[in-house]
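Below is one structure, written out as structure tokens; the observations come after it.
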Amino acid sequence: MKVSVSFLNSKNIPKDLELLNQTDADYIHVDIMDGKFVKNKTMPFREMRHIGDFTSKRLDVHLMVENPSKYIPLYAELNTEYLTFHVEVEEDILKDLQMIKDYSIRCGLSIKPDTKVSTLLPYLPYLDMILVMSVEPGEGGQEFLVETEEKIQEIRALLDSYHLDTIISVDGGITEETAKMCQDADLLVSGSYILKDSNFQEKISSLR
Ligand code: DX5
Ligand code: ZN
């Protein structure tokens, strides 16, 4: 299992990113919130761009924003491997996915807990990642929604039936316990569970 670490709840981002550099974390998960798609707001790009000064890990960017097309060109400039936005946005989704691909970056769509898997169908052939939200997007430190286990299995069956190698990532409330409900995923995003401990590596290893 791959692990992507979210620093949304970090009290000292430079320090935590530097410590995470010494672990085998696969990615740094970058949560971006615009105060519209979700009520919270993260720091602006002019500040967020400096994360590259503290980490050499590749980034897995999660846009929780109303207008992904405004953010894609910015985050494409960083050391980004995956750029993901939400299937619930009102923009032209295929156009935004193509915009990401034009930067030679892998693209993903994220799905909120109450959104049906069938919403993803029109976009399946274009996706490198499906980011399944296991909490309501908007804040770190929430509890994993157990119904996510079935949703992951449904998506896995769908991808298999079309012989697609799209990866499944799960985001929100991931701990050693809840990771067991995500066996069909490829990547787990975890924030508070890892950062609240002093031994980041031990926590990361417990999720694999
Ligand atoms: C929630 C974010 C998640 C979250 C993960 O809206 O997208 O990435 O911060 O953090 P934990 O592991 O604390 O749920
Ligand atoms: Zn996230």
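Results, tabulated for the structure shown:
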read-out	value
Student exercise, region 14-94 dipole from Lys, Arg, Asp, Glu Cβ charges, in Debye to nearest 20	300 debye
Across Lys11/Lys36; Lys39/Lys95; Lys15/Lys70; Lys39/Lys116; Lys15/Lys203; Lys15/Lys36, pairs whose alpha-carbon gap is larger than 27 Å	Lys15/Lys70; Lys15/Lys36
Simple Cβ-charge dipole of the chain, Lys/Arg +1 and Asp/Glu -1, about Cα centre, in debye nearest 20	460 debye
Ordering of 95-105, 76-86 by packing [mean C-beta count within 10 Å, highest first]	76-86, 95-105
Expected 222 nm ellipticity per residue - DSSP helices of 4 or more, -39500 (n - 2.57), all of the chain, to 500	-7500 deg cm²/dmol
Accessible surface of the chain [probe 1.4 Å, protein heavy atoms]: carbon and sulfur percent	46 percent
Simple label model, 7 Å out from Cα along Cβ direction - Ser161 to Lys101, nm	2.3 nm
Spatial extent of region 97-171: Rg and Dmax, with the Cα atoms as the point set, Å	12.7, 36
Highest average packing first - 4-14, 28-38, 115-125, 193-203, Cβ atoms within 10 Å	28-38, 4-14, 193-203, 115-125
Span from the region 177-197 Cα centroid across to the region 102-134 one, whole angstrom	19 Å
Accessible surface, per residue, of the chain when the full set of protein chains is kept, probe 1.4 Å, Å²	47 Å²
Principal axis dimensions, largest first and in whole angstrom, of the chain by Cα	42, 37, 30
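The values are calculated or read from the model by the stated rules, or taken from the named source; none is laboratory data. Just so it is clear, the model here is predicted, and its values are computed rather than measured. As a convention, Cβ positions derive from the backbone with ideal geometry for all residues, glycine included, and neighbour counts pool all protein chains shown. These area figures cover heavy atoms from the full protein model, side chains too; ligands, DNA and RNA do not enter into them. Shrake-Rupley method; radii C 1.70, N 1.55, O 1.52, S 1.80 Å.
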